[in-house]
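For reference, the structure discussed in these notes is given below.
The values are calculated or read from the model by the stated rules, or taken from the named source; none is laboratory data. What you see is a predicted model, and the numbers here were worked out from it, not measured in a lab. Quick reminder, even Gly has a Cβ in these numbers, built from the backbone with ideal geometry, and neighbours come from all protein chains shown. Remember, those area values only see protein heavy atoms, side chains included, never the ligands or the DNA or RNA. Shrake-Rupley method; radii C 1.70, N 1.55, O 1.52, S 1.80 Å.
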Amino acid sequence: MVPVDVLKKISDVVWEIPVSYKAGMRVPARIYGTEKLIQELDDAVYDQVTNVATLPGITKYALCMPDGHFGYGFPIGGVAAMDVEQGGVISPGGIGFDINCGMRLVTTNLTYDEVKPQIKQLVDKLYERVPAGVGSTGFVKLSRNEFRNVVEQGAQWCVRNGYGWEADLELMEEQGCLEGADAAKISDKAIDRGVHQIGTLGSGNHYLEIQVAKPENIFDREVAQALGINIPNQVVVMFHCGSRGFGHQVATDYLQIFLKVMESKYGIKILDRELACAPFNSPEGQAYFSAMKCGINMSFVNRQVILHRIREVFSQVFKRSAEDLGMHMVYDVAHNTAKLEQHVIDGNKRSLLVHRKGATRAFAPGMADVPERYQTIGQPVIIGGSMETGSYLLVGVPSGEQTFFSTAHGSGRTMSRTKARKTWRGETLQKEMQSRGIYVRSTSYTGLAEEASGAYKDVDRVIEAAEMAGISKRVVRLTPIGNIKG
Amino acid sequence: MPYEFLDDIATADIAFRAWGKDLEELFIASGDAAINIMVENLEAITLNQTRTFNLENDALDLLLFNFLQELVYYKDSELLMLRPQQVNIKENHIQESLIYTLTAVTKGERLDPLRHHQRVDVKAVTLHRFQLKKTNDGWTAMVILDI
């Protein structure tokens, strides 16, 4: 624990650790959260966020969002912007192994009363059609060469091949395809791990959930309407997954490459090997950036194919087309990335590589890259809570400038998986959730127990803190009624 | 079971400590710990397929990292749950430098959701607080796996 006198209170929800705390810190660290959230924080976060503050090129602050917790290298909830013209680095440990792990939200024009009688059938069919769990494989069959093309083309490949609508593309960061993705920078091992996994959920905290927007949980009716939430007790579908084994291998490959050159070639010393990095403007840094973009694209493809399956299932169960059921995407957010962005720092426009690891981009109204239809309301931010409590839809705000327009990504864990599995039983939890109106299926009872809401922070408090700090604004709180746990 | 999962290290990920009287035993224990995170009933894995790993590294701890990573690779690429059977580690002096080489025979089978009780998927081996240490009575390792 950082001694209380070291932690400087900047406001009710912003806390600073000065550069004097640790040798080598180039900037102060700032942690977001109410006093209660700060008290609950894992001790490791203090160590991890101050290690991040030592990385070359870091600008202003090493940041941790209100859902922050124990990570590897960076804390989860970590944000760091590196000035690429001042020797700024790129680090896989600042992105996470699950490159472009993210969230997607889809509306329907159905109400809770219409869906309730079908919930079991819906969840069971989705469980069948969207494979989850350890090492699962999807239905899209591709050769290794075709897969290399897919990771360069992203979600645009999906739409061309009938796995989505043209309108879906404008509702993803980067229209579902990051330019400059180069499959020549990808190892055969990464291809082997990912080629069969398109359209699969994965495991851990990944899930697919059917939710309801109750009228009393709408914080801003006008913005909610603009986002397509406009019927009382409207049913929506939210899901959380990433780039699967493909992205995990890309990060693993480059972690090792960076470890070899970091000190010997670039003279960079780090405090934790998981922070292995290289200057952004170096052959190794650029190679990883191009490879990581393939990981980002794979994740867009994965979520796009899952969306296609969700539309098929709803269409089959309700015997109406997905178009007729109003199954429009609200948005797709990435919460494990590094992106080159322009930000104004002390009055000057700078090119920053913004690492967000378990943190969501939250661009304000009027910013470039916010889809045209959301220009006046800001970028939608999708926050997955625990499977028992609820999730949120937020939007970005102008005061988000303080965090390079970043906010939380979930509710954040407080208890280890190992402890949680000793505390709860999956079978009991499943029954309890069912009695509270949440029908849940999982490939693993232990996995289910590890995701119990008691292992998480209170998502309502986390999102309140993000709003108080002025890094995002609440629009709708969503309540789960059906869940598939990976 | 020469390994334990740790309650207080990592939250969203899983940490284990493994031990053995020599390096070979430690590597076998660490491999089983990693697979045990994905399949709870290790004894249900039939040993009917063999994969042999040949790895080298100039750092001994990174050799363990590579070895665990190889198990994770086969989990996705061939859906194989492999248990290490034999591990041989040698020190090789090549010119002025020291290289460690490993040959491991692993056996297992494809994941079968009906017989194998799944826990959670291992995404990757992290190097955060990664430790391989010689102790008075053998070797011990601490590893955090990304979940």
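For the protein assembly as shown, the ratio of Cα radius of gyration to the globular rule of thumb 2.2 N^0.38 Å stands at 0.91.
Interface burial in segment B:8-32 reaches 50 Å² or more for B:Thr11, B:Ala12, comparing the full protein assembly with the chain by itself; accessible area from heavy atoms with a 1.4 Å probe. Within the straight-line cut-off of under 16 Å between alpha carbons, the lysines reachable from A:Lys214 are A:Lys116, sequence neighbours fewer than 8 places apart in one chain being disregarded.
Apolar share of the accessible surface for segment B:3-146: 45 percent from carbon plus sulfur atoms, 1.4 Å probe.
Around the amide H of B:Asp58, modelled in the peptide plane, lie the amide H atoms of B:Tyr100, all under 5 Å away and 5 or more residues distant in sequence or on another chain.
With axes computed from alpha carbons, what is the tilt in degrees of helix B:60-77 against the longest principal axis of chain B, rounded to the nearest 10 within 0 to 90? Between helix and principal axis, roughly 30 degrees.
With protein chains left intact and a 1.4 Å probe, residues in chain A average 33 Å² of accessible area per residue. Amide H to amide H distances under 5 Å link A:Leu178 with A:Asn297, where only residues 5 or more positions off or on other chains count and H is placed in the peptide plane.
Remark: mean inter-chain Cβ contacts per residue of A:243-252 equal 5, using a 10 Å Cβ-Cβ cutoff to other protein chain atoms. Report D for chain B in µm² per second (integer): Stokes-Einstein, Kirkwood Rh on Cα pairs, 20 °C, 1.002 mPa s. Once the numbers are plugged in, D ends up at 138 µm²/s. Among B:Asp8, A:Asp192, A:Asp124, the sequence by solvent-accessible area, most first, with a 1.4 Å probe is B:Asp8, A:Asp124, A:Asp192.
May I ask you to give the percent of accessible area on chain A that is carbon plus sulfur, with a probe radius of 1.4 Å? Of all accessible area on chain A, carbon and sulfur atoms account for 47 percent.
Spin-label model, A:Asn348 to A:Asn230: label points 7 Å out along the Cα-to-beta-carbon direction sit 4.7 nm apart.
The label-point distance for B:Gln95 and A:Asn217, in a model that sets each label 7 Å from Cα toward Cβ, rounds to 6.4 nm.
Between the amide H of A:Cys101 and those of A:Ser243, A:His335, A:Asn336, distances stay under 5 Å, these residues lying 5 or more places away or on another chain, with hydrogens modeled in the peptide plane. A straight Cα-to-Cα reach below 17 Å connects A:Lys357 with the lysines A:Lys293, A:Lys339, B:Lys123, residues fewer than 8 places away in its own chain not being considered.
Using the basic label-point model (7 angstrom from Cα toward the beta carbon), what is the B:Arg110 to A:Asp324 distance in nanometres? According to this spin-label approximation, the distance is 3.9 nm. Divide the volume of the convex hull around the Cα atoms of segment A:121-184 by the residue count and you get 132 Å³ per residue.
Rounded to the nearest whole Hz, the Karplus-based 3J(HN,Hα) values (6.51 cos²θ - 1.76 cosθ + 1.60, θ = phi - 60°) of segment A:62-73 follow the sequence 8, 10, 9, 6, x, 9, x, 7, 3, x, 9, x, with x at glycine and proline. For segment B:105-118, the Karplus equation 6.51 cos²θ - 1.76 cosθ + 1.60, evaluated at θ = phi - 60°, returns couplings of 9, 10, 9, x, 8, 5, 4, 10, x, 6, 9, 9, 7, 6 Hz by residue, with Gly and Pro reported as x. Backbone phi angles across segment A:215-230, fed through the Karplus curve with coefficients 6.51, -1.76 and 1.60 (θ = phi - 60°), yield HN-Hα couplings of x, 6, 9, 9, 8, 9, 4, 5, 5, 4, 4, 5, 8, x, 9, 9 Hz in residue order; Gly and Pro are listed as x. For A:443-452, what's the mean count of beta carbons from other chains sitting within 10 Å of each residue's beta carbon? Rounded to a whole number, the mean comes out at 4. Against chain B, whose longest principal axis comes from its Cα atoms, helix B:23-38 is set at around 30 degrees.
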